[in-house]
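Chemist: Here it is, the structure, as C-alpha cells.
Computed from the coordinates by the stated procedures, all read-outs in this text should not be read as laboratory data. Given the structure is predicted, the values throughout are model-derived calculations rather than measurements. In this analysis, Cβ positions are derived from the backbone assuming ideal geometry, glycine residues included, and neighbour counts consider all displayed protein chains.
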Amino acid sequence: MQLPTEIGALFLAGAAGAFVRAVYRPEPSWTRRLLEGLAGALSAIFLGGLVGHVIDATIGGGTWAYLAAGFLMGEAGIAGVQALRKRFIEKEEKK
C-alpha cells in the first residue's frame, strides 16, 4: 500500500464530497458548513481508508477504489452529522 498516494486521494475525494454537499444542500450557517466539512473530511480519511482497502482487496482498482470510498464516506460523514444534529441538538432547542 502506498500510504501517501491513498491519503492524498482520500483527502481530495473528501473535499469533492464536501463541495458537492455544499452546492446541493447548503447550510445557512457558515459555522455549520465548516464543521460538517471537517466531519466529512475526517470520515473520508478514516472510514474511506477502511472501505477503500476493502474495495481494493475485493475487486482491485488501486487509487480509484480509495477515491470512490473517500467520496462516499465524506458524503456519509456529513449526512451523519446532519442526522445527529437534527435528532439530538435541534430536539433540545425546541423544548
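Chemist: Are there any helices (runs of 4 or more DSSP H) wholly within the chain with 1 or more residues that are surrounded by 11 or more Cβ atoms within 10 Å (Cβ to Cβ), within 12 Å of the chain's Cα centre (by Cα) and basic (Lys, Arg), and if so which?
Modeler: It comes to 3-24.
Chemist: Pairs please, first residue from region 23-39 and touching a residue at least 40 places away in the same chain (Cβ under 8 Å), second anywhere and assigned to a loop (DSSP other than H, G, I, E, B) and buried (at least 16 other Cβ atoms within 10 Å of the Cβ), Cβ atoms under 8 Å, 6+ apart in sequence or on different chains.
Modeler: From residues that are touching a residue at least 40 places away in the same chain (Cβ under 8 Å), the pairs are 36/27.
Chemist: Considering (1) more than 14 Å from residue 7 (Cβ to Cβ); (2) out of contact with any Ser or Thr (no Cβ under 8 Å at 6 or more places or on another chain); (3) among the small types (Gly, Ala, Ser), say which one residue 70 fails and leave the rest.
Modeler: The single condition residue 70 does not satisfy is (1).
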